[in-house]
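Asker: This structure is in structure tokens; I'll ask about it shortly.
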Amino acid sequence: MHRYRVAIVGAGIIGASIARILSMYENIDVSLIEKEPDVGWGVSKANTAVIHPGHEEDPKSYPLRARLCKEGNELWREWVRELDIPAKWPGELMVFTSDEEEKAAEKYIEFAKVNKVPGVRVVYREELRALEPTVNPDALGAVYAPTAGMISPMEAVIAIVENAVENGVKLFTETEVFNVRVSANRVIGVDTNRGFIEADVVINAAGLYADKISNVVGVDTWFFIKPRRGEYLLFDEDVDIKPTRILHTVPTLVTKGVYVVTTVHGNLMIGPTAEDLPVDAREATLTTREGLEYLWREAGKILKVLPPRSRVIRTFAGLRPEPPNGQWLIKAYDSPWGFVNVAGTRSPGLTAAPAIALHVLEQMRSVFDLRLVKKEKWNPFRKDIVRVRNRSIEEIDRLVETNPDYGEILCYCRMVSKAEVVEAIKRMKAIGVKTITVDGIKFRTYAGMGKCQGSFCRWRVALLVSKYTGVPLESVVVKRGSYGVGDVKLLLRGRAAKGQG
Amino acid sequence: MHTELELTCILCPMSCTLKVSISDAGIDVRGNQCAKGVEYAKQEVTNPVRHVMTVVRVRGGDIPTVSLITSKPVPKNCIERVMEATAYVELEAPIELGQVVIKDVCGTSLVATRRVRKAT
Amino acid sequence: MSNLIEERYDVVVIGGGPAGIAAAIRATELGLKTILLENRDVLGGIPLQCVHPGFGLHYFKEDLTGTQFIHRFFERMERIGVEYITSAHVHSIEYRDYMEKVVNTITRKGVLRLYSKTIIYTVGARERTLFEIGVVGDRPDGIYTAGEAQTMMDIYGVLPGKDVVIIGSGDVGLIMARRFALEGARVKAVIEIMPYPGGLMRNVVQCLRDFNIPLLLSHAVISIAGKKRVEKVTVVKVDEGFRPIPGTEFEIACDTVVIAAGLRPNIDLLERLSIAIDPATGGPMVNELLETSIPGIFVAGNALVINDLADYVVEQGEKAAEGAKIFIENSGIPAEEWKPVKRGRNIRLAIPHYISGERSVTILARVAKPEQRVFVEVPEVGYKTFHMAVRPAEMIRLDLSKDALSKAEKSVTIEVKPIAYRA
């Protein structure tokens, strides 16, 4: 049995999904390589979190996007069950407020027919309001797509990686790939800041940096990525206005659709904007006054009543990897043999991720003629962290009986216990995270995601990180920087030393 | 010689605005709402003094630092020296309220304002 | 059926800061079966991390640090023997009937169901965040609320940063400016959106002027930039409507931003009971016994209204305990003709919201804008006192006697009038 060593560059939703699919095979050894301290910190971290039905993809211009979006939507329903990922399937309403918009919306009914997206139809005033009472009464109607869903993208990446590692994938964090080594027209591995990693197949799922990886190999040199920024407004879970369905405006030539959704964690979220940035602005996740004002105005078109602006608990922005002409570049190359591009996977990349992973496998099989053997004991399941939140007091009491740390609540806003934080640290170590960050714990436990945004619990979480890793409190990493700069006397000692010297 | 100046009294939250006139005849204070204001103004124009407060780290305590304050106010130009005297101090629990932690700095000492018990 | 631990109390006090400790001490002294619940693993709340003086001037007639102030109450607690639990988180409050509420409490020993006739809610405040004040830009490390920075420095001995910009000139911001300066950090500026300082003048003097820290009034931080850590902030001048004035932007290089943009009463648990809230204070509406619109639930301290002084917080805690006593003795607060306390000229907020005229009351009020040489008046009862100056940063205290209040017929109005004011 021939063994294949596969290196995947990038542990975002795409790289993680590919790793999971490849972990089903006995004779593939997967290295999942990520430059950040943790998984999912790039494109996957900040997006609308919608699992699209597939009726918004033009089958003529984007046949691959259309097919994989629809397949991905179906696969996710299975994956969220197997991997215990927070998800819901409320369906979506593309709301139109003028005859012009209605005309623009009609084409999506046609797309739905061609793409075989089930249940898509137009609903008018009364039915629209019955489906979604929070909608603006001036709305004329909407395109209803009942298969739309929402997931928690960060938790999805984490869950998929946990499952992949359980099934033998090796994760390398804080490992940046700067070269793909080719010998005799075959890839032989990748050069990283931590040394050379051997591989027979290199899969480029590097998100915003996928064009750079592709370029060092020298294939499809026309390809480049333009970052497109999307800003968001997130509200406190206590606001009254929480649409059941996913709502969004009709995309026009000038504007992309703005979504108004209730996240799987119960927060009203409005976004995104769509701003094309210069090619080198790949970390420009800043928010802007203009962007946030635009979102506020657009939300006003969809909603009957806007929540108080004072209840915004966070504003943020993410970048999407926009390829030339919107075309995904998913391709296995025979020259050099062993290289695979999964690049420019802009929206609906999140929706399509599981289908993209299967598609990549097919491509690899046909181009590389892989002889693969399925594992007998592949484990499709992964369980989420057991949480105190949203449980009855009787259930919480039973949890505390099993572990007293469940009885110590560290984050008031989201009711997160010490046990959950300790479990998150354990799981981070288990997948191979080298630096345990406060942010990584936030994404796994929700500690710090409430209205106080961590001002009450950040130090408590940091103290636990310090305790369980041996890193001094001031050196615990929050996101990318340390919590403090030193002990409280650091500067005075410097001054005293200078004074004496 | 005659100087007029305005001060804000810092002795209590009233924060009275004091009008001070300094002349050969002495120091005249107006605007105070209690007698302490006059004292404060005279001190402030001749030799301003302040309390200094800080924390230092403690080993083996239920809280990892103890808070300190000067036992009496020090001249303003001594603040830096008092702080520098704390730069290398690290203590061992327990520490009692009022315990003198650093002696003889700028004519004052630093005393503990928080009790630190031995960690259990 | 569940086998949760059940206990019965006269008073459950939620929150072990100064208001809660004072309430628990007073309630215990009054002979009420009382328990105090605290979420952290130590009692004391915010004063435990306040190493600066300015506490106790009203209550103890002595100038104490926050730490010394709270230790006085620890000693009293020990002397009297107040029952308390730390690391106890209140999951929910159930209102079963007029005389029975249940406080579901998560502890390391399991979930407790605490049945109580009354509740005194003293959980304090939370700090406004970067996002609530509309700052845009990057979200790097190095951004802290003032309270968090204070916890780091003065409890855990960690220095948050070296070059600091502080947003907001309330007392917390001013105090932290001095703490950073004392430990050798450079405080580049304190930025205040209002045309006057948010904190007490004494703190402007001893925390900023003493250390040559610039205070920029009518300025706002509009954005933060930085990759790993904060690198700079962009500041702009604002007009009377707090709108940025184009062309006045400038940058300040710094590695740390401290947000001291004000506190909000933390009333999540009460909001879920649909309690009446005063938009002016952000806290519950209360009568003179500090009872909320839900019978037998009292509130004190910063969960009621953001106070200037811990001394006031303690008084409120004691007042609430006395209210609980009256409630229990009479099976509810006796029906009274409650008269609303109205806000007149230049009064932004006033506590309590209702008075009976049956007892003497201390009213705490805050003005909307600073004024000099004014009378503070309550015309219905003939109250009138002269003030050299009134400022939003300083609460006005009005001690109104029972006799005076009995003159009020329908309501009382608190108002500020310049000496030469003609209505």
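Asker: Filter the strands (runs of 3 or more DSSP E) completely within the range C:310-423 down to those with at least 3 residues that are under 23 Å from C:Pro284 (Cβ atoms).
Answerer: Once the strands (runs of 3 or more DSSP E) in the range C:310-423 are filtered for at least 3 residues that are under 23 Å from C:Pro284 (Cβ atoms), what remains is C:339-343, C:347-351, C:361-367, C:396-400, C:412-418.
Asker: Taking B:Asn32 and the conditions (1) in a loop (DSSP other than H, G, I, E, B); (2) over 30 Å from C:Pro370 (Cβ atoms), which numbered condition does it fall short on, given that it satisfies the others?
Answerer: Tallying (1) in a loop (DSSP other than H, G, I, E, B); (2) over 30 Å from C:Pro370 (Cβ atoms), B:Asn32 fails exactly one: (2).
Asker: Working carefully through the options B:Val111, B:Val45, find the one that is assigned to a helix (DSSP H, G or I) and of a type in the set (Val, Ile, Thr).
Answerer: From the options B:Val111, B:Val45, the qualifying one is B:Val45.
Asker: Do you know which residues across the range B:64-103 are without any contact (Cβ under 8 Å) to a residue 12 or more places away in the chain, away from every other protein chain (no Cβ under 11 Å) and assigned to a loop (DSSP other than H, G, I, E, B)?
Answerer: If the condition is that a residue be without any contact (Cβ under 8 Å) to a residue 12 or more places away in the chain, away from every other protein chain (no Cβ under 11 Å) and assigned to a loop (DSSP other than H, G, I, E, B), then no residue fits.
Asker: Given the condition surrounded by fewer than 18 Cβ atoms within 10 Å (Cβ to Cβ) and either within 14 Å of chain B (Cβ to nearest Cβ) or in contact with a Ser or Thr (Cβ under 9 Å, 6 or more places away or on another chain) (or both), answer yes or no: does some residue in the range C:405-418 qualify?
Answerer: Looking for residues that are surrounded by fewer than 18 Cβ atoms within 10 Å (Cβ to Cβ) and either within 14 Å of chain B (Cβ to nearest Cβ) or in contact with a Ser or Thr (Cβ under 9 Å, 6 or more places away or on another chain) (or both), one finds none in the range C:405-418, hence no.
Asker: Hey, among C:Val258, C:Val238, which residue is buried (at least 18 other Cβ atoms within 10 Å of the Cβ), closer than 19 Å to C:Ala146 by Cα and not aromatic (Phe, Trp, Tyr)?
Answerer: C:Val258
Asker: Among the residues of the range B:44-100, which ones are under 14 Å from C:Asp154 (Cβ atoms) and either in contact with a His (Cβ under 7 Å, 6 or more places away or on another chain) or of a type in the set (S, T, N, Q) (or both)?
Answerer: B:Met53, B:Thr54, B:Thr65, B:Ser67, B:Ile69, B:Thr86
Asker: Between a residue in the range C:251-274 that is over 30 Å from C:Arg186 (Cα atoms) and more than 11 Å from chain A (Cβ to nearest Cβ) and any residue that is buried (at least 18 other Cβ atoms within 10 Å of the Cβ) and of a type in the set (D, E, K, R), which pairs come within a Cβ distance under 8 Å, given they are 6 or more apart or on different chains?
Answerer: Close Cβ pairs (under 8 Å, with a partner that is buried (at least 18 other Cβ atoms within 10 Å of the Cβ) and of a type in the set (D, E, K, R)) do not exist here.
Asker: Return the only residue of A:Val279, A:Val305 being at pLDDT below 95 and of a type in the set (Val, Ile, Thr).
Answerer: A:Val279
Asker: With respect to C:Ile297, determine if the residue is free of Cβ contacts under 8 Å to residues at least 40 places away in the same chain and touching a helix residue (DSSP H, G or I) at 6+ places or on another chain (Cβ under 8 Å).
Answerer: In short, no.
Asker: Take the residues in the range C:125-149 that are under 17 Å from the mean Cα position of the chain (by Cα) and more than 7 Å from chain A (Cβ to nearest Cβ); name whichever of them is surrounded by the most Cβ atoms within 10 Å (Cβ to Cβ).
Answerer: That would be C:Ala146.
Asker: Pairs needed: first member in the range C:38-52, within 10 Å of another protein chain (Cβ to nearest Cβ); second member anywhere, in a loop (DSSP other than H, G, I, E, B) and surrounded by fewer than 24 Cβ atoms within 10 Å (Cβ to Cβ); C-beta distance under 7 Å; at least 6 residues apart or different chains.
Answerer: As it stands, the answer is C:Asn39/A:Tyr412; C:Arg40/C:Thr86; C:Asp41/C:Thr86; C:Asp41/C:Ser87; C:Val42/C:Thr86; C:Leu48/C:Val42; C:Gln49/C:Ile155, since those pairs meet every condition given.
Asker: What pairs come out if I take residues in the range A:278-292 that are within 12 Å of chain C (Cβ to nearest Cβ) and part of a helix (DSSP H, G or I) and pair them with residues that are surrounded by 14 or more Cβ atoms within 10 Å (Cβ to Cβ) and of a type in the set (D, E, K, R) whose C-beta lies under 8 Å away, six or more apart or interchain?
Answerer: The qualifying pairs are A:Gly291/A:Arg229; A:Gly291/A:Glu231; A:Gly291/A:Glu275; A:Leu292/A:Glu231.
Asker: From the set of residues in the range A:138-155 that are hydrophobic (A, V, I, L, M, F, W, C) and over 22 Å from the mean Cα position of the chain (by Cα), which is farthest from A:Gly12 (Cα to Cα)?
Answerer: Top of the filtered list is A:Leu140.
Asker: Moving on to the next point. Looking at the structure I just gave you, is C:Gly81 touching a residue at least 12 places away in the same chain (Cβ under 8 Å), at positive phi and within 14 Å of chain A (Cβ to nearest Cβ)?
Answerer: no
Asker: Got at least one residue in the range A:332-342 being over 23 Å from A:Val187 (Cα atoms), touching a residue at least 12 places away in the same chain (Cβ under 8 Å), outside the structural domain of A:Lys451 (by TED's automatic domain parsing) and among the acidic types (Asp, Glu)?
Answerer: No, there is no match, as no residue in the range A:332-342 is over 23 Å from A:Val187 (Cα atoms), touching a residue at least 12 places away in the same chain (Cβ under 8 Å), outside the structural domain of A:Lys451 (by TED's automatic domain parsing) and among the acidic types (Asp, Glu).
Asker: Considering only residues that are touching a residue at least 60 places away in the same chain (Cβ under 8 Å) and not aliphatic (A, V, I, L, M), look in the range A:377-413 and name the one that is nearest to the other protein chains (Cβ to nearest Cβ).
Answerer: The qualifying residue nearest to the other protein chains (Cβ to nearest Cβ) is A:Asp384.
Asker: Select from the range A:28-49 the residues that are assigned to a loop (DSSP other than H, G, I, E, B) and β-branched (Val, Ile, Thr) and write down the one among them that is surrounded by the fewest Cβ atoms within 10 Å (Cβ to Cβ).
Answerer: In this case the residue turns out to be A:Thr48.
Asker: Taking C:Ile396 as the residue in question, decide whether it is among the β-branched types (Val, Ile, Thr), within 14 Å of chain B (Cβ to nearest Cβ) and surrounded by 17 or more Cβ atoms within 10 Å (Cβ to Cβ).
Answerer: Judged against the criteria, C:Ile396 is a match.
Asker: Take C:Gly161 and decide whether it is within 14 Å of chain A (Cβ to nearest Cβ) and either farther than 17 Å from C:Gly142 by Cα or under 22 Å from the mean Cα position of the chain (by Cα) (or both).
Answerer: Here the answer is no, as C:Gly161 does not meet what is asked.
Asker: Can I ask one more? If you scan the range C:372-386, which residues turn out to be on the phi < 0 side of the Ramachandran plot, out of contact with any Asp or Glu (no Cβ under 7 Å at 6 or more places or on another chain), surrounded by fewer than 17 Cβ atoms within 10 Å (Cβ to Cβ) and not aromatic (Phe, Trp, Tyr)?
Answerer: Answer for the range C:372-386, where residues must be on the phi < 0 side of the Ramachandran plot, out of contact with any Asp or Glu (no Cβ under 7 Å at 6 or more places or on another chain), surrounded by fewer than 17 Cβ atoms within 10 Å (Cβ to Cβ) and not aromatic (Phe, Trp, Tyr): C:Gln372, C:Pro379, C:Thr385.
The values are calculated or read from the model by the stated rules, or taken from the named source; none is laboratory data. Since this is a predicted model, take the numbers as computed values, not measurements. All Cβ positions, glycine included, derive from the backbone under ideal geometry; neighbour counts span all protein chains shown.
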